[in-house]
Amino acid sequence: MGTLTPHLVTRDPAVAATWYGEVLGAIEQGRITLPGGRVLSVDLRFADSQLAIGDEFRTWGSCPR
């Protein structure tokens, strides 16, 4: 059976990753930071599940509505 890793978009993925760690016990597995400081992805692990969190990129159509 395969797995699915959701990728959430947020205005401040670093703060979100810290919150998930403190409140839900997530462990950061990796981070991709682009030139200029924007975060493409923070990869988190919760027990046997994974979650990715990234910055908004309006030009890519990746932003909360």
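Computed from the coordinates by the stated procedures, all read-outs in this text should not be read as laboratory data. Only a predicted model underlies this, so the values are computations on that prediction, with no experimental measurement involved. Please note: Cβ atoms are built from the backbone with ideal geometry, for glycine as well, and neighbour counts cover all protein chains shown.
Numbers below:
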{"item": "Of residues in the range 1-27 being charged (D, E, K, R) and in a loop (DSSP other than H, G, I, E, B), the one surrounded by the fewest Cβ atoms within 10 Å (Cβ to Cβ)", "result": "Arg11"}
{"item": "Selected residue [small (Gly, Ala, Ser) and not in a strand (DSSP E or B)] from Gly37, Gly30, Gly54", "result": "Gly37"}
{"item": "Unmet criterion (only one of (1) hydrophobic (A, V, I, L, M, F, W, C); (2) touching a residue at least 24 places away in the same chain (Cβ under 8 Å); (3) within 9 Å of Asp55 (Cα to Cα)) for Leu40", "result": "(2)"}
